[in-house]
Amino acid sequence: MATYSIDDLSRREILRMSAVLGIASAASNRPAIAQTAGQRTPEQILGPFYPLKPLGQNADLTKVPGRPGRAAGLVLNVVGRVLNLKGEPVRNAKVEIWQANTHGRYTHPGDHNPVPLDSNFEGSALLTTNNDGRYRFKTIKPAAYPAGPNRMRPAHIHFQVSGRQDRLVTQMYFEGDPYLEPDRFFQTALEQKDLLVAKLLQPTSEMEPESKLVEFNIVLNAG
Ligand SMILES: [Fe+2]
């Protein structure tokens, strides 16, 4: 099983962001990369399930404060950076996240999907980026859920990211999800769709062995 040190992780993240932001090296100034320069992360709908209760600031959504149990499902370590169009970190950005549980249901009175709730799943959080613009949280992989007759939403985590001058509402999806291509909301990102799709990577040595690592960087217009 491949694992990565934090240094490797940072290096890979830098390489990925270089591609996203079109920071071509001196030796390689390919137009294909330059075309991606300065791309804000695409907007996605807020959806009907933004939490009604205040968001907690606990970055481990697999546990509910005061309860001994653990949320069901595949544990994900989600890491990423919030950057501006110049590739500079956005410090102290507010990162609000909310998502369905492993069965595909939100802890929200408006969600009538007849699959189980998980009383051990927190389901939402309010995080703050550090000086490098980094955020991270632990959660479980949400399931896809029905959004109307014969229509499924692909698995996703909702994000609302607020810098001082820009606020972005978006969703992170998962590579290989069969419901992605038919999803009309995902399709609104057009040629930028790939910016919203994350891979499930092997965990680093300090993460739970059975968990997965997910990287999702977010680009705002400005900090
Ligand atoms: Fe949703």
Filter the stretch 52-65 down to residues that are modelled with pLDDT of 95 or more and farther than 18 Å from Thr128 by Cα and give me whichever is nearest to the ligand (Cβ to nearest atom). Leu52
Of all residues in the stretch 124-152, which are over 13 Å from the mean Cα position of the chain (by Cα), over 19 Å from Ala222 (Cα atoms) and among the small types (Gly, Ala, Ser)? Ala143, Ala144, Ala147, Gly148
Take the conditions touching an Asp or Glu at 6+ places or on another chain (Cβ under 7 Å) and among the hydrophobic types (A, V, I, L, M, F, W, C) and apply them to Val214. Does it pass? no
Would you point out which residue out of Ala155, Ala222 is at pLDDT below 95 and closer than 24 Å to Leu127 by Cα? Ala222
Condition (residue is under 22 Å from Asn130 (Cα atoms) and surrounded by 16 or more Cβ atoms within 10 Å (Cβ to Cβ)) applied to the stretch 35-42: is it met by at least one residue? yes
Can you pull out every residue in the stretch 86-140 that is without any contact (Cβ under 8 Å) to a residue 12 or more places away in the chain and within 16 Å of the ligand (Cβ to nearest atom)? His112
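The values are calculated or read from the model by the stated rules, or taken from the named source; none is laboratory data. Bear in mind that the values here come from a model prediction, so they are computed numbers and not experimental data. We place every Cβ from the backbone using ideal geometry, glycine too, and count neighbours over all the protein chains shown.
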